[in-house]
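The values are calculated or read from the model by the stated rules, or taken from the named source; none is laboratory data. The structure presented is a predicted model; accordingly, all values stated were derived computationally and were not measured. Positions of Cβ are backbone-derived with ideal geometry, glycine not excepted, and every protein chain shown enters the neighbour counts. Note: areas computed on protein heavy atoms with side chains; ligands, DNA, RNA excluded. Shrake-Rupley method; radii C 1.70, N 1.55, O 1.52, S 1.80 Å.
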Amino acid sequence: MIDEKWMGQGFIDEPIPERIDVKAEIRRMCKEKNALIMAHYYTEGVIQELADFVGDSLALAQKAATTDADIIVMCGVHFMGETNKILCPEKTILVPDLNASCSLAESCPADEFEKFVKAHPGHTVISYVNTTAATKAVTDVVVTSSNARQVVDSLPKDTPIIFGPDRNLGGYINRLTGRKMLLWDGACHVHEKFSVEKILQLKREHPTAKILAHPECKESVTSLADKVGSTAALLKYSIMDEAQEFIVATENGILVEMQKSAPQKTFIPAPPDGSTCACNECNYMKLITLSKLYNCLKYGWPAIEVEPTVAKKAVKSIHRMLDISERLGL
Ligand code: 13P
Ligand code: SF4
């Protein structure tokens, strides 16, 4: 029975019994319930360490589409849980805190996006995966930062395209491809904050360091970068490249996996504007804590539901992305 207080707040904060080994208990419950824990690279290190699978948005969607687990615990943000539910309607999808939103998803309400689409007939509608299920339902093809360029390239050169909601990712692809996609005016509050001056100062202090940037960053930041890419692409580059120091302009959770994969290398988080803090964190991703993960597995709540008529439309745009990615070996 789920307490009304928990329902109101969107997560369970029941104290964990004393003397319990939380991590061992989480693993035990996973086995008993045939549950798979998936985590995005931006979650806390302790969550990434416990997860069965850690990945970027594309890898998480691909994994959800193929797992035979009965329950997926999506340690990430709400739209990731929705994507899993749309792909696997028969499974229980848990997100440990329903308040784990995303500023990009919030910047693109489905009804306003639909009006924008209707005002520009004849356009193919591409939406970043960082959107609600309802926005995906008015979309032709979903993309992630791992495959956005390739999905756009797969369309004939003269196809008019609407791209939402990230103006930075859309602008980056426009510059790469020479297209003139119409952009929705949304942005990520974490990636927009990186300070060009502070990155340049770090580069002066570490002249051999390579700069890594996520395409959600502003053009003034991506134009400084040696590598622009999704979290998975930046991770791969940091492992493969001969440089020993990297200035990392994306959410600082990725440093956990970077440091684990290349312990001899130095990873320096790019600082945000107007702050003395050396890091840049997604407050939504960091809502996923060990105790919320424990409680959600114990009680099987909060579970994600997607209205079936919305899911029926949204699934087409997600499958189109997965099909193109599979065809291109992404
Ligand atoms: P990735 O596609 O790199 O996982 O990005 C997801 C995200 O939320 C970036 O802010
Ligand atoms: Fe959304 Fe930005 Fe957080 Fe990614 S980092 S989940 S885009 S708010």
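Worth pointing out:
Yes/no per residue for (1) within 11 Å of ligand 2 (Cβ to nearest atom); (2) in contact (Cβ under 8 Å) with a residue 12 or more places away in the chain; (3) in contact with a helix residue (DSSP H, G or I) (Cβ under 8 Å, 6 or more places away or on another chain):
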position	(1), (2), (3)
GLU90	no, no, no
VAL95	no, yes, yes
LEU98	no, yes, yes
CYS102	yes, yes, yes
PHE116	no, yes, no
GLY122	no, yes, no
VAL125	no, yes, yes
TYR128	yes, yes, yes
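- Flag for LEU58 being out of contact with any Lys or Arg (no Cβ under 9 Å at 6 or more places or on another chain) and within 16 Å of ligand 1 (Cβ to nearest atom): yes
One line per residue, one yes/no per condition, for (1) on the phi < 0 side of the Ramachandran plot; (2) modelled with pLDDT under 95; (3) surrounded by fewer than 16 Cβ atoms within 10 Å (Cβ to Cβ); (4) away from ligand 1 (no atom under 16 Å from the Cβ):
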{"residue": "HIS120", "(1), (2), (3), (4)": "yes, no, yes, yes"}
{"residue": "VAL125", "(1), (2), (3), (4)": "yes, no, no, yes"}
{"residue": "VAL152", "(1), (2), (3), (4)": "yes, no, no, no"}
{"residue": "ARG175", "(1), (2), (3), (4)": "yes, no, yes, yes"}
{"residue": "LEU200", "(1), (2), (3), (4)": "yes, no, yes, yes"}
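- Subset of the stretch 40-77 that is part of a strand (DSSP E or B) and free of Cβ contacts under 8 Å to residues at least 60 places away in the same chain - its residue that is most open to solvent (accessible area, probe 1.4 Å): PHE53
- Strands (runs of 3 or more DSSP E) wholly inside the stretch 92-202 that include at least 3 residues being β-branched (Val, Ile, Thr): 124-128, 141-143
- Only listed residue being open to solvent by 70 Å² or more (accessible area, probe 1.4 Å) and under 17 Å from the mean Cα position of the chain (by Cα), chosen from GLU242, GLU251, GLU281: GLU281
- Inside the stretch 208-222, residues that are in a loop (DSSP other than H, G, I, E, B), more than 14 Å from HIS191 (Cβ to Cβ) and open to solvent by 10 Å² or more (accessible area, probe 1.4 Å) make up a count of 1.
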